[in-house]
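Inspection log for the structure reproduced underneath, given as structure tokens.
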Amino acid sequence: MSSSFKAPAEAAKAVAATGGIKNNSPIVNLILLSFLAGAYIAFGGLLAEITNAGMLAAGFPVGLSKFAFGAVFPVGLMLVVIAGSELFTGNVMYMVMGCLNGEASIGGLARNWIVSWIFNFVGALFVAYVLAYLGGVVADPTISAGAMTVAKTKIGLSWDQAFIRAIGCNWLVCLAVYLAFASDDIIGKIFGIWFPIMAFVTIGFEHSVANMFFLPLGMFLGAEGVTWSTIILNNLIPVTLGNIVGGAIFVACIYYFVYVRKS
């Protein structure tokens with residue numbers, strides 16, 4: 001009887017092979033799929049902000065509102081993985097494992113990371129400004145207040161806090177992608193994605209691409225202290241660096257060493 005899932009070693013080898021495929025992706029495909037990934041994560045973020053605002057308005061405890069926020073956010077990564085796109089945080093794992101296994105190059109890694117980061121930002125901004133802000137989706141005072149609070153809270157983190165939270169985030173995000181790779185059916189992929197992503201969001205870890213949506217949206221709504229300089233310097237730089245450490249060291253390097261490295 002055939003199995004509907006891959007063993008850990010098989011999943012690790014599949015991830016490394018995917019790094020090789022991404023290494024050779026045409027630049028136009030990389031740009032378009034990166035735009036989509038940023039938009040997909042932003043869809044999850046927008047849904048989470050609306051859900052969280054409703055929970056807080058109804059008087060639910062903070063823990064439950066955080067869980068509701070985390071419970072709906074994973075739709076973004078489900079779209080990224082199942083529909084197909086180029087997400088910077090997941091690409092940290094793919095490209096590092098691909099390089100370690102000789103299926104990708106350092107130049108290909110740099111190209112993939114830079115292009116996916118930039119166009120994830122473009123996709124997230126499109127959803128934040130056009131669909132959420134101009135579309136009036138966040139015009140309700142309760143929703144807009146919640147979105148501004150999220151942005152101000154993230155900007156208020158110290159560099160150390162943002163960096164450390166980002167390590168935990170991409171450790172879990174890359175595990176979600178890894179679990180999705182392990183499953184050969186859609187339901188298995190959905191469950192593999194949902195639990196780790198729900199966990200990182202509910203805990204309060206920091207995701208660079210999600211913040212490309214949350215922070216500009218707060219700025220568009222008038223959140224105090226949220227400017228392009230604070231968005232990039234206070235948050236996106238330390239969070240991006242932490243995301244790289246979390247995905248590259250705690251997932252890619254360890255699983256490569258254990259399951260893929262040739263003895």
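One equal scatterer on each Cα of the chain, no solvent, Debye formula: the resulting log10 I(q)/I(0) at q = 0.07, 0.11, 0.17 Å⁻¹ is -0.23, -0.56, -1.29.
Computed over the chain with a Gaussian network model linking Cα atoms closer than 10 Å, the most mobile of Gly84, Gly98, Gly146 is Gly84.
Computed from backbone phi with θ = phi - 60° and the Karplus coefficients 6.51, -1.76 and 1.60, the 3J(HN,Hα) list for segment 106-116 is 4, x, x, 4, 4, 4, 5, 5, 5, 5, 5 Hz; x is used for glycine and proline. The distance from the alpha carbon centre of segment 202-224 to that of segment 116-130 is 12 Å, rounded to a whole number. Database remark: amide H of Phe5 closer than 5 angstrom to the amide H of Asp184 (H placed geometrically; neighbours at sequence offset of 5 or more, or on other chains; Pro and chain starts carry no H). Only Cα sites of segment 138-263 enter the Debye sum here, all with the same form factor; the resulting log10 I(q)/I(0) across q = 0.11, 0.12, 0.15, 0.17 1/Å is -0.45, -0.52, -0.74, -0.88, listed in q order. Projected label points at Ser105 and Leu134, each 7 Å from Cα along the beta carbon direction, are separated by 4.0 nanometres. Rolling a 1.4 Å probe over the heavy atoms of the protein chains gives the chain an accessible area of 42 Å² per residue.
Between Ala147, Ala110, Ala16, the GNM of the chain built on Cα springs shorter than 10 angstrom shows Ala110 fluctuating the most. Once C-alpha pairs closer than 8 Å and six or more residues apart are averaged by separation and normalised to the residue number of segment 162-228, the relative contact order reads 34 percent.
For the residues Ser208, Ser229, Ser183, a GNM of the chain with alpha-carbon springs under 10 Å puts the largest fluctuation on Ser229. Entry note, the chain: the mean residue ellipticity at 222 nm calculated from DSSP H runs of n ≥ 4, each adding -39500 (n - 2.57), is -22000 deg cm²/dmol after division by the residues and rounding to the nearest 500.
Taken one residue at a time, the phi angles of segment 127-144 give Karplus couplings (6.51, -1.76, 1.60, θ = phi - 60°) of 5, 5, 7, 7, 6, 7, 7, 5, x, x, 5, 9, 6, 4, x, 5, 5, 5 Hz. Gly and Pro are set to x.
Computed 3J(HN,Hα) for segment 230-245, one whole-Hz value per residue from the Karplus formula 6.51 cos²θ - 1.76 cosθ + 1.60 where θ = phi - 60°, is 6, 4, 7, 6, 7, 10, 5, 5, x, 5, 4, 4, x, 4, 5, 4, glycine and proline marked x. Backbone N atoms of segment 39-64 closer than 11 Å to the 7 Å Cα→Cβ label point of Ile82 are not found in any residue.
What the Cβ-Cβ distance of Val122 and Phe60 gives, at R0 = 45 Å and to the nearest 0.05, is a FRET efficiency of 0.85.
The values are calculated or read from the model by the stated rules, or taken from the named source; none is laboratory data. Since this is a predicted model, take the numbers as computed values, not measurements. As a convention, Cβ positions derive from the backbone with ideal geometry for all residues, glycine included, and neighbour counts pool all protein chains shown. The area values use the complete protein model at the heavy-atom level, side chains included, leaving out ligands, DNA and RNA. Shrake-Rupley method; radii C 1.70, N 1.55, O 1.52, S 1.80 Å.
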